[in-house]
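The structure appears below as structure tokens.
The values are calculated or read from the model by the stated rules, or taken from the named source; none is laboratory data. As the structure is a prediction and not an experimental result, all values here were calculated from the model. Glycine gets a Cβ as well: all are built from the backbone with ideal geometry, and neighbour counts include every protein chain shown. Ligands, DNA and RNA are stripped out before the accessible areas are found, and what is left, the full protein with its side chains, is counted by its heavy atoms. Shrake-Rupley method; radii C 1.70, N 1.55, O 1.52, S 1.80 Å.
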Amino acid sequence: MNAEIFAEWMRRQGRRVFRTSSSYWYEAGPHVLQAFPYHWLISPSEDEVRTLLLSNGMFSVRYSTLLNSPAGKISYHIILHNPYNADMLKPQARAGVIRGLEFCRVEQISFERLATDGWPLQQDTLERRNQSRSMTQQDWERICRSAADLPGFEAWAAVSDGELAAAVITCQIDNTWCMLYELSHRKFMGKRIDNALCYDVSRNLLSRENVEGIFFKVQSLDAPSTADDFKLQMGLIPKPVRQKVDFHPWLRPLATTATHRFFEGLVQRQHGMPMLTKTEGMLRFYIEGKQPIVKQNWPACLISGKRENRKPVK
């Protein structure tokens with residue numbers, strides 16, 4: 001599978017997709033572009049970004065770039081490479097995998113089943129993340145069914161007594177598998193089925209021919225710092241990168257610390273509003289990304305030693 005097939009998946013969902021010399025882009029939110037494939041580290045020129053924004057009526061763009069790039073917020077990708085085995089898991093996660101496999105069977109399922117039976121899991125996942133307004137059932141069904149006949153897409157689930165307990169959507173782009181959606185229901189959490197699904201699927205994908213690794217996610221704009229603790233306990237690796245956010249030239253003068261404080265206040269008063277939380281995150285990443293790298297705060301998962309130690313990795 002190549003990036004063009006992924007672009008077709010986006011188009012089928014009704015998203016606008018653009019191609020530039022450095023990457024593909026899709027409209028992740030109203031007038032906001034996200035570069036994809038997500039694991040690509042790109043360095044678009046100022047002219048490329050400016051043309052992309054002005055020609056398509058966009059307000060902002062977001063992409064991952066190299067750690068030695070001149071601008072961008074210090075961030076990370078969560079990835080995994082071979083070898084991957086139980087020794088890489090934290091003791092609690094290792095015990096969770098054993099317990100989870102006692103209660104479930106991990107198997108590949110159809111996208112049609114995921115579209116219908118998977119919605120309660122996705123809905124519960126969104127509620128736990130305070131993002132219930134970000135997706136409807138119709139959106140979810142379109143996401144699943146848009147991938148059904150595209151090569152390189154797979155749906156996997158942990159099934160307990162015939163019921164979906166957790167699931168993932170994956171796709172292979174070139175030599176990398178990407179975890180696109182991870183969902184579960186809280187009633188199964190005590191059985192540690194998430195651990196079993198993550199471990200079993202990861203081992204399966206990495207065992208395939210010509211696979212270099214798995215990309216799980218890029219650091220979120222608005223999730224708490226503890227959001228990726230589960231993945232780190234499962235032995236996944238945080239790879240340092242820089243995330244670059246840029247705004248339309250007319251909006252840059254408004255992207256100030258004062259504006260960011262204003263949106264921080266709105267987020268605190270209006271809980272569960274995805275557009276507000278994403279806007280606050282975009283402003284924060286833009287402002288922090290303009291600072292010299294030596295003055296930026298490194299994410300906790302990139303810090304050496306214990307989590308309490310806040311000194312950056314040398």
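Looking at Arg99, Arg113, just one residue is in a helix (DSSP H, G or I), in contact (Cβ under 8 Å) with a residue 60 or more places away in the chain and surrounded by fewer than 22 Cβ atoms within 10 Å (Cβ to Cβ), and that residue is Arg99. Leu180 meets the conditions (1) more than 30 Å from Leu276 (Cα to Cα); (2) in contact with a Cys (Cβ under 8 Å, 6 or more places away or on another chain); (3) open to solvent by 20 Å² or more (accessible area, probe 1.4 Å) in every case but one. The failed one is (1).
On inspection, Leu53 passes the criterion of being open to solvent by less than 70 Å² (accessible area, probe 1.4 Å) and not β-branched (Val, Ile, Thr).
Within the range 221-276, the set of residues being farther than 20 Å from Thr125 by Cα and among the hydroxyl-bearing types (Ser, Thr, Tyr) comprises Thr256, Thr257, Thr259.
Given the condition in contact with a Lys or Arg (Cβ under 8 Å, 6 or more places away or on another chain), within 22 Å of Phe230 (Cβ to Cβ) and not small (Gly, Ala, Ser), answer yes or no: does some residue in the range 92-99 qualify? Yes, because at least one residue in the range 92-99 is in contact with a Lys or Arg (Cβ under 8 Å, 6 or more places away or on another chain), within 22 Å of Phe230 (Cβ to Cβ) and not small (Gly, Ala, Ser). Selection of the range 73-117 for residues being among the small types (Gly, Ala, Ser) and in contact with an Asp or Glu (Cβ under 9 Å, 6 or more places away or on another chain) yields Gly96, Gly100, Ala115.
Under the condition of being modelled with pLDDT of 95 or more and not in a loop (DSSP other than H, G, I, E, B), the residues counted in the range 126-150 number 11. Please verify whether Tyr84 is buried (at least 20 other Cβ atoms within 10 Å of the Cβ), closer than 23 Å to Ala223 by Cβ and in contact with a Lys or Arg (Cβ under 8 Å, 6 or more places away or on another chain), treating the condition exactly as stated. For Tyr84, the condition - buried (at least 20 other Cβ atoms within 10 Å of the Cβ), closer than 23 Å to Ala223 by Cβ and in contact with a Lys or Arg (Cβ under 8 Å, 6 or more places away or on another chain) - is not met. Taking the range 139-157 as the range and being among the small types (Gly, Ala, Ser) and either surrounded by fewer than 21 Cβ atoms within 10 Å (Cβ to Cβ) or over 15 Å from Arg15 (Cα atoms) (or both) as the test, the residues that pass are Ser146, Ala148, Gly152, Ala155, Ala157. Do we have any residue at all in the range 221-236 that's part of a loop (DSSP other than H, G, I, E, B) and either touching a Ser or Thr at 6+ places or on another chain (Cβ under 7 Å) or under 23 Å from Glu163 (Cα atoms) (or both)? For the range 221-236, residues part of a loop (DSSP other than H, G, I, E, B) and either touching a Ser or Thr at 6+ places or on another chain (Cβ under 7 Å) or under 23 Å from Glu163 (Cα atoms) (or both): present. Within the range 188-215, being farther than 13 Å from Tyr84 by Cβ and either touching a strand residue (DSSP E or B) at 6+ places or on another chain (Cβ under 8 Å) or not in a loop (DSSP other than H, G, I, E, B) (or both) holds for Phe188, Met189, Gly190, Lys191, Ile193, Asp194, Asn195, Ala196, Leu197, Phe215. Against the test of being hydrophobic (A, V, I, L, M, F, W, C), in a loop (DSSP other than H, G, I, E, B) and at pLDDT below 95, the options Leu41, Leu67 yield a single qualifying residue, Leu67. Looking at Gln92, Gln34, which is the one that is outside any strand (DSSP E or B), polar (S, T, N, Q) and either closer than 30 Å to Arg186 by Cβ or open to solvent by 40 Å² or more (accessible area, probe 1.4 Å) (or both)? Sole residue among the options that is outside any strand (DSSP E or B), polar (S, T, N, Q) and either closer than 30 Å to Arg186 by Cβ or open to solvent by 40 Å² or more (accessible area, probe 1.4 Å) (or both): Gln92.
Being of a type outside the set (A, V, I, L, M) and within 22 Å of the chain's Cα centre (by Cα) is a description that does not apply to Asp117.
Could you check, for the range 219-231, whether at least one of its residues is at pLDDT below 90, under 26 Å from Arg192 (Cβ atoms), surrounded by 13 or more Cβ atoms within 10 Å (Cβ to Cβ) and among the small types (Gly, Ala, Ser)? The answer is yes; a qualifying residue exists. Of all residues in the range 167-177 being assigned to a strand (DSSP E or B) and touching a residue at least 60 places away in the same chain (Cβ under 8 Å), which is most open to solvent (accessible area, probe 1.4 Å)? The qualifying residue most open to solvent (accessible area, probe 1.4 Å) is Gln172. Selection of the range 3-19 for residues being within 11 Å of Arg142 (Cβ to Cβ), open to solvent by 40 Å² or more (accessible area, probe 1.4 Å) and touching a residue at least 60 places away in the same chain (Cβ under 8 Å) yields Arg12, Gly14.
Taking the criterion of being open to solvent by 40 Å² or more (accessible area, probe 1.4 Å) and touching a residue at least 24 places away in the same chain (Cβ under 8 Å), the residues of the range 58-81 that qualify are Phe59, Leu66, Leu67, His81.
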